[in-house]
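One structure is given below, encoded as structure tokens.
The values are calculated or read from the model by the stated rules, or taken from the named source; none is laboratory data. Keep in mind it's a predicted model, so treat the numbers as computed, not measured. Every residue, glycine among them, receives a Cβ derived from its backbone with ideal geometry; neighbour counts consider all protein chains shown.
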Amino acid sequence: MAKILQIETATSFCSVALSIDGKTVFVKEESGQNLHARNLTLFIDEVIKSAGLAYADLDAIAVSKGPGSYTGLRIGVSTAKGLCYALEKPLIAIETLEMMAAGFLIKNPNYTGLICPMIDARRMEVYTSVFDSKLDILEPTSAKIIDENSFEHLLAQNKITFLGDGAAKCAETLNHANANFSEANFNSANYMSKLANEVFYKTNFEDVAYFEPFYLKDFVVTQPKKKV
């Protein structure tokens with residue numbers, strides 16, 4: 001039975017879970033600004049101790065690879081890679097939007113519509129993709145500026161549930177009878193368990209030395225304008 005430590009830091013949620021054989025047994029998470037650097041290692045230690053395990057007992061480390069917050073992803077991935085190096089364990093990377101869609105289906109097992117997870121980027125832009133109820137990808141991950149015509153070809157024939165921290169700001173714009181919005185949080189390492197377990201048994205591991213987060217867009221540092 002694979003024992004996998006799971007890390008999710010793509011948004012404001014700092015989330016750590018431990019799964020055994022694809023089922024979450026412990027989870028520790030909290031939402032807030034600038035939590036990841038301060039709390040991530042503490043959460044990891046608490047989850048492992050709660051399970052009565054030692055770090056050496058782990059079989060793999062899984063991390064939410066993005067897209068999402070540049071800083072959050074950098075902290076999560078660097079922590080995961082550090083553990084893999086120190087413990088000589090394989091690294092598993094899970095696409096963040098797929099994890100969110102999987103979480104929605106865990107909570108709504110009889111759902112038959114489409115799922116559109118959204119992570120807030122800036123203004124009316126989101127990182128998003130579209131999945132069906134079997135987690136097959138209908139629209140690949142992209143950075144999309146949302147307007148009244150977004151997803152119109154899919155909404156014309158399907159009910160779509162929009163979720164994630166980018167969905168709320170789009171609710172008024174995506175005003176369609178087939179558009180539904182979920183306010184629940186699915187940026188949780190809890191929802192990584194089944195996906196990570198499947199990757200583990202396929203041995204589809206990442207190269208720890210070269211793996212980088214899926215930022216999707218380049219990080220741009222902005223500076224305040226000088227007063228004239």
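Structure above, values below:
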| read-out | value |
| --- | --- |
| Residue check, Asp136 under 19 Å from Glu183 (Cβ atoms) and charged (D, E, K, R) | no |
| Qualifying positions in the range 180-220 - surrounded by fewer than 19 Cβ atoms within 10 Å (Cβ to Cβ), within 18 Å of the chain's Cα centre (by Cα) and acidic (Asp, Glu) | Glu183, Glu198, Glu212 |
| Condition check for Ser31: surrounded by 16 or more Cβ atoms within 10 Å (Cβ to Cβ) and among the hydroxyl-bearing types (Ser, Thr, Tyr) | no |
| Whichever residue in the range 145-176 is of a type in the set (A, V, I, L, M) and assigned to a loop (DSSP other than H, G, I, E, B) and, among such residues, is farthest from Phe13 (Cα to Cα) | Ala156 |
| Residue match in the range 144-157 (condition: closer than 25 Å to Lys217 by Cα, touching a residue at least 60 places away in the same chain (Cβ under 8 Å) and within 18 Å of the chain's Cα centre (by Cα)) | no |
| Qualifying residue in the range 189-197 (condition: part of a loop (DSSP other than H, G, I, E, B), at pLDDT 95 or above and among the small types (Gly, Ala, Ser)) | no |
| Qualifying position, being out of contact with any Lys or Arg (no Cβ under 6 Å at 6 or more places or on another chain), of a type outside the set (Lys, Arg) and either under 22 Å from Asp165 (Cα atoms) or assigned to a strand (DSSP E or B) (or both), among Ile61, Ile92, Ile48 | Ile92 |
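Results for (1) over 18 Å from Lys23 (Cα atoms); (2) touching a Ser or Thr at 6+ places or on another chain (Cβ under 8 Å), shown as yes or no for each residue.
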site: Ala51; (1), (2): no, no
site: Lys65; (1), (2): yes, yes
site: Gly72; (1), (2): yes, yes
site: Thr79; (1), (2): yes, yes
site: Gly103; (1), (2): no, yes
site: Leu114; (1), (2): yes, yes
